[in-house]
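Accompanying notes for the structure given below.
The values are calculated or read from the model by the stated rules, or taken from the named source; none is laboratory data. From a predicted model like this one, the values you see are computed outputs, not experimental measurements. Note: ideal-geometry Cβ built from the backbone for every residue, glycine included; neighbour counts use all protein chains shown.
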Amino acid sequence: MSEFKIALIKGDGIGPEIVDGAVKVLDAVSAKFGHKFEYTDVYMGGCAIDKFGTPLPQETVDICKASDSVLLGAVGGPKWDGCKERPEKGLLGIRKALGLYSNLRPSILKPQLKEASPLKDEKLKDGLNVMVVRELTGGIYFGERRNAEDGSWASDEEKYSVEEVERIGRIAFETAMLRGKRVVSVDKANVLDSSKLWRRTMTELAKSYPEVELTHMYVDNAAMQLAIAPAQFDVIVTSNIFGDILSDLSSAIAGSIGMLPSASLGAGKCGMYEPIHGSAPDIAGQDKANPVATILSAAMMLEMSFGLAEEAKAINEAVDKVLDMGYRTPDIYSEGMKMTGCAKMAELIAENI
Ligand code: IPM
Ligand code: MN
């Protein structure tokens, strides 16, 4: 039996419902495979502003650092729009504090969800299975921010060092070695100096991975290519902001942003696992959210941070089985399917472990 400490950041909006769903599934895994998961609830985001007056209390950072991994729901909402520090600042802060520079966002079109994709069948006939490798602790998200005193202008800085590009590049090439051995590096090198550095560094790094084919794409073209020929991609590696945008696009093509998990990792084994969607305050507390992205994030945690590949596979198979049985949350509903709430969806998946 193995024991793992998991910090839970339920967060705001639908965060608590979807994390509760993932915990149900993790408990089913622990019952079946005989592991012990010890959960500690910590506050981050809007709920932390309400309780402690800051989106990222030090205690949260300390507990996350002392855990084997972190499972996060979502943060933010209009309630905190006027606050001096927004809930999202907590999210960026924890990514930085844990050194999680690499964000892996897989988008896979499941055959059961073809109907939910906005693309026509002809565009989907070769499927979609892309891993977006997003740089997570640099670029414009963390560059210098400046504001005119009179509010007449504001600026954000996009800055990358060779070292930052190299370390995310290595993750992308190594990920590709385990998949289709193709990396598309996405930038805007026809305009931005930071992108020129990005492209030069990726090109140099590719020499250490002779088996992997590296190509470059401008971000505007990459967005278009995802929409017209999504099957061409294996691994996409890109900056913080481009990765944010392209991963929403690739998830929509896969059917719903409510389905897609992510892993954020740094130098060690401890990672943070979260759905790529937001806190959806409009449907919070109504049992309408899709818990699958969070449940699949928990599966990524088992595999990538705990080395429990078989257990992760059991979760993925249980999700597929429940989809095969026709159960659908509202975001992935199509005619003839069984409309299911958040809690029931998670229960069904837990029962099928
Ligand atoms: C994401 C989110 C965050 C981001 C927001 C909430 C700060 O959109 O994880 O993709 O932009 O990184
Ligand atoms: Mn995003």
Give Ile228, Ile276 a once-over and let me know the one that is in contact (Cβ under 8 Å) with a residue 40 or more places away in the chain and touching a strand residue (DSSP E or B) at 6+ places or on another chain (Cβ under 7 Å). Ile276
Can you go through Asp248, Asp234 and tell me which one is within 13 Å of ligand 1 (Cβ to nearest atom) and acidic (Asp, Glu)? Asp248
Report whether or not Ile315 is more than 17 Å from Ile94 (Cα to Cα), in the same structural domain as Leu71 (by TED's automatic domain parsing) and either more than 13 Å from ligand 2 (Cβ to nearest atom) or not in a helix (DSSP H, G or I) (or both). yes
Scan the range 252-265 for residues that are part of a helix (DSSP H, G or I) and surrounded by fewer than 24 Cβ atoms within 10 Å (Cβ to Cβ) and jot them down. Ala252, Ile253, Ile257
Return the residues of the range 229-259 that are among the aliphatic types (A, V, I, L, M) and in contact with an Asp or Glu (Cβ under 9 Å, 6 or more places away or on another chain); say none if nothing qualifies. Ala229, Ala231, Val237, Ile241, Ile257, Met259
Subset of the range 305-353 (residues that are touching a Lys or Arg at 6+ places or on another chain (Cβ under 6 Å) and aliphatic (A, V, I, L, M)): Met337, Ala346, Ala350, Ile353
Meets criteria (within 12 Å of the chain's Cα centre (by Cα), more than 13 Å from ligand 2 (Cβ to nearest atom) and either among the polar types (S, T, N, Q) or under 23 Å from Ile140 (Cβ atoms) (or both)) for Met272: yes
Just the residues that are in a helix (DSSP H, G or I), away from ligand 2 (no atom under 16 Å from the Cβ) and among the aliphatic types (A, V, I, L, M), please, taken from the range 223-251. Met224, Ala227, Ile228, Ala231
Checking Ala280 against (1) within 14 Å of the chain's Cα centre (by Cα); (2) of a type in the set (A, V, I, L, M); (3) within 13 Å of ligand 2 (Cβ to nearest atom), only one condition comes out false. Which one? (1)
I'd like the residue in the range 70-92 that is part of a loop (DSSP other than H, G, I, E, B) and small (Gly, Ala, Ser) and, out of all such residues, is farthest from ligand 1 (Cβ to nearest atom). Gly82
Quick one: in the range 254-269, of everything that is among the hydrophobic types (A, V, I, L, M, F, W, C) and at pLDDT 95 or above, which residue is farthest from ligand 2 (Cβ to nearest atom)? Leu265
